Amino acid sequence: SNKANEVSMRSEKYMHENLKDMSSVKKEILAELDPSAFIGRLFKDGISAQLDKKEQLSFMRSMYALFQIAGCVAHTGVDFDDIFVPEELFILWNGNNATHYMQCANSVRHGKGVLGDAKPLLKDILERADEAMAGSGVSAHLRFGHDIGLAPLAALIDVNGLGVHTDNAVEVYKQWTEFLAMPMGANIQFVFYRNAKKDVLVKVLFNETEAQLPALKSVTGPYYRWKDVRQYFVSKLK
């Protein structure tokens, strides 16, 4: 929907404006790498001595990009699994994870701006839900966007605790990981139920799995009173 795309465009603008700070954190993490050792395993003619560390790291990161792409086309039989050691893969991944956390989640440095971009989308969800409750005849609303639209929304409402708020992006992987926060095909669903007494319950699904809103107490299992969830969402818009 237009609202979902609006969030993506606003988030992209915000990320561009703060790219320098995000890059500095990634640089801090990647400083733990020894790219000369990596290049030494691939070339035996002393080529690493002909490159400065910046060039070595650039080559290593390019090979890591190929490693990631190969994982998406495993059916071709091409992989780069044997050119990295586990420690290198973790550091390279953690650099990306820290950046994505600051770009798309509730970091101390940038969370206010990132989550602020998701508020129009949450407001739209509330408005469409109110229309449905009033008997508008509409039974479903669908919105399509990208990870930089969905992840801030998940952090804003803290679904499954994804609203982790920390200034330590280097070690945020212990609480927040990109592959759980925004995997391919990620989605959030709000499924409403109304009984004969007109009581409305809502269940949140995150990636088709029953999810929790840690700030609220459920009626039973994953089912929450809509009036509680609505009040909670309204508080997030302030």
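The values are calculated or read from the model by the stated rules, or taken from the named source; none is laboratory data. Computed from a predicted model, the values in this text were never measured in an experiment. Note that each Cβ is placed from the backbone with ideal geometry, even for glycine, and that neighbours are counted across all protein chains shown. Side chains included, ligands, DNA and RNA excluded: accessible areas come from the protein's heavy atoms. Shrake-Rupley method; radii C 1.70, N 1.55, O 1.52, S 1.80 Å.
For a quick protection proxy, order the peptides 147-154, 205-212 by their average other-Cβ count within 10 Å, most packed first. Mind dumping the intermediate values first?
Details: 147-154: 24.4, 205-212: 14.4.
In descending order of packing, they fall as 147-154, 205-212.
For every other residue with a beta carbon closer than 14 angstrom to the beta carbon of Val172, add +1 if it is Lys or Arg and -1 if Asp or Glu, then tell me the sum. Spell out each step's value before the answer.
Numbers: positive: Lys26, Arg109, Lys174; negative: Glu28, Asp167, Glu171, Glu178.
Charge balance near Val172 sits at -1.
Arrange the peptides 72-78, 138-144 so that the one whose residues have, on average, the most other Cβ atoms within 10 Å appears first. All intermediate terms of the calculation are to be shown ahead of the outcome.
Numbers: 72-78: 8.4, 138-144: 10.7.
By packing density, highest mean first, the sequence is 138-144, 72-78.
Give me the Å³ per residue figure for the convex hull around the C-alpha atoms of region 152-234. If you can, show how the numbers build up before the last one.
Working: hull volume 8.3 nm³, N = 83.
Taking the convex hull of the Cα positions in region 152-234, it is 101 Å³ per residue.
Which percent of the accessible area of the chain is formed by carbon and sulfur heavy atoms (probe 1.4 angstrom)? Present the calculation step by step, with values, prior to reporting the outcome.
Details: 7400 of 13570 Å².
Carbon and sulfur: 55 percent of the exposed surface of the chain.
Of Leu121, Leu30, Leu66, which has the largest mean-square fluctuation in a 10 Å C-alpha GNM of the chain?
Evaluated over the chain, the most mobile residue of the options is Leu66.
Would you mind calculating the relative contact order of the chain from Cα pairs under 8 angstrom and at least 6 residues apart, reporting the percent as a whole number? Provide the component values of the computation, followed by the final result.
Values: 289 pairs, mean separation 49.8, N = 238.
So the answer I get is 21 percent.
Name the lysines eligible as straight-distance cross-link partners of Lys198: C-alpha to C-alpha under 21 Å, and not fewer than 8 places from it in the same chain.
List returned: Lys217, Lys227.
Using 10 Å bins from zero, what percent of all Cα-Cα pairs in the chain falls into each bin?
7, 27, 29, 19, 11, 5, 2, 0
Count the net charge of all other residues whose Cβ sits under 14 Å from the Cβ of Phe192, scoring Lys and Arg as +1 and Asp and Glu as -1.
Residues close to Phe192 contribute a combined charge of +3.
Rounded, prolate or oblate, given the Cα gyration tensor of region 47-104, with a/c below 1.5 counting as rounded? If you can, show how the numbers build up before the last one.
Details: a/c = 2.06, a/b = 1.08, b/c = 1.91.
Verdict is oblate for region 47-104.
Among Pro222, Val234, Leu142, which residue has its Cα furthest toward the positive end of the charge dipole of region 93-238, with +1 on Lys/Arg Cβ and -1 on Asp/Glu Cβ?
Val234
What whole-number value in Å² describes the accessible area per residue of the chain for a 1.4 Å probe? Can you show the working numbers first?
Numbers: 13570 Å² over 238 residues.
Accessible area per residue: 57 Å².
Pick from Ala155, Ala37, Ala98 the residue whose mean-square fluctuation is largest in a GNM of the chain, springs joining Cα atoms under 10 Å.
Maximum among the listed residues: Ala37.
Of the peptides 99-112, 176-189, how do they stack up when ordered by the mean number of other Cβ atoms within 10 Å, highest first? Walk me through the numbers before you get to the answer.
Values: 99-112: 22.0, 176-189: 15.4.
So the peptides 99-112, 176-189, ranked by packing, come out 99-112, 176-189.
Can you list the lysines whose alpha carbon is less than 27 Å from that of Lys53, not counting same-chain residues fewer than 8 positions off?
Partners found: Lys20, Lys26, Lys27, Lys44.
What are the DSSP H helices in the chain that stretch 30 Å or more along their long axis, judged by alpha-carbon atoms, and whose average Kyte-Doolittle hydropathy comes to at least 0.5? Display every interim value, and only then the final one.
Details: long enough: 111-133 (32 Å, -0.23).
Flagged H segments: there are none.
Need the list of aspartates and glutamates near Lys174 for cross-linking: C-alpha distance under 17 angstrom, and skip anything on the same chain fewer than eight residues off.
Glu87, Asp158
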